[in-house]
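A.B. asks: Could you have a look at this structure, given as structure tokens, before my questions?
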Amino acid sequence: MAYFITDACVSCGTCAETCPLGIIAEGDGKFVIDADQCVECGACAGACPIEAIEAQ
């Protein structure tokens, strides 16, 4: 189950810096995870300061 970034995202970029695969990019108003490439490591969710990343 891939992770996704909720609308609570404040676009701080911490998740993108933490992702070991580099599959998180800035989208329209929030960051977005490429679900097809996500290996469910959870690094992004653990790094998010506002807990805006959840497993689908």
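A.B. asks: Can you tell me which residue is farthest from Cys15 (Cα to Cα) among those in the stretch 31-56 that are in contact with a Ser or Thr (Cβ under 8 Å, 6 or more places away or on another chain) and surrounded by 13 or more Cβ atoms within 10 Å (Cβ to Cβ)?
C.D. replies: Among residues in the stretch 31-56 that are in contact with a Ser or Thr (Cβ under 8 Å, 6 or more places away or on another chain) and surrounded by 13 or more Cβ atoms within 10 Å (Cβ to Cβ), the one farthest from Cys15 (Cα to Cα) is Glu54.
A.B. asks: Could you grab the pairs with beta carbons closer than 8 Å, sequence gap of 6+ or different chains, first residue in the stretch 16-33 and farther than 15 Å from Ala47 by Cα, second one assigned to a strand (DSSP E or B) and at pLDDT below 95?
C.D. replies: Filtered contacts from the stretch 16-33: no entries.
A.B. asks: Additional query: Which one of Ala8, Ala16 is in a helix (DSSP H, G or I), surrounded by 12 or more Cβ atoms within 10 Å (Cβ to Cβ) and small (Gly, Ala, Ser)?
C.D. replies: Criteria check complete, one pass: Ala16.
The values are calculated or read from the model by the stated rules, or taken from the named source; none is laboratory data. This is a predicted model, so every value here is computed, not measured. Neighbour counts run over all protein chains shown; Cβ positions are idealised from the backbone, glycine included.
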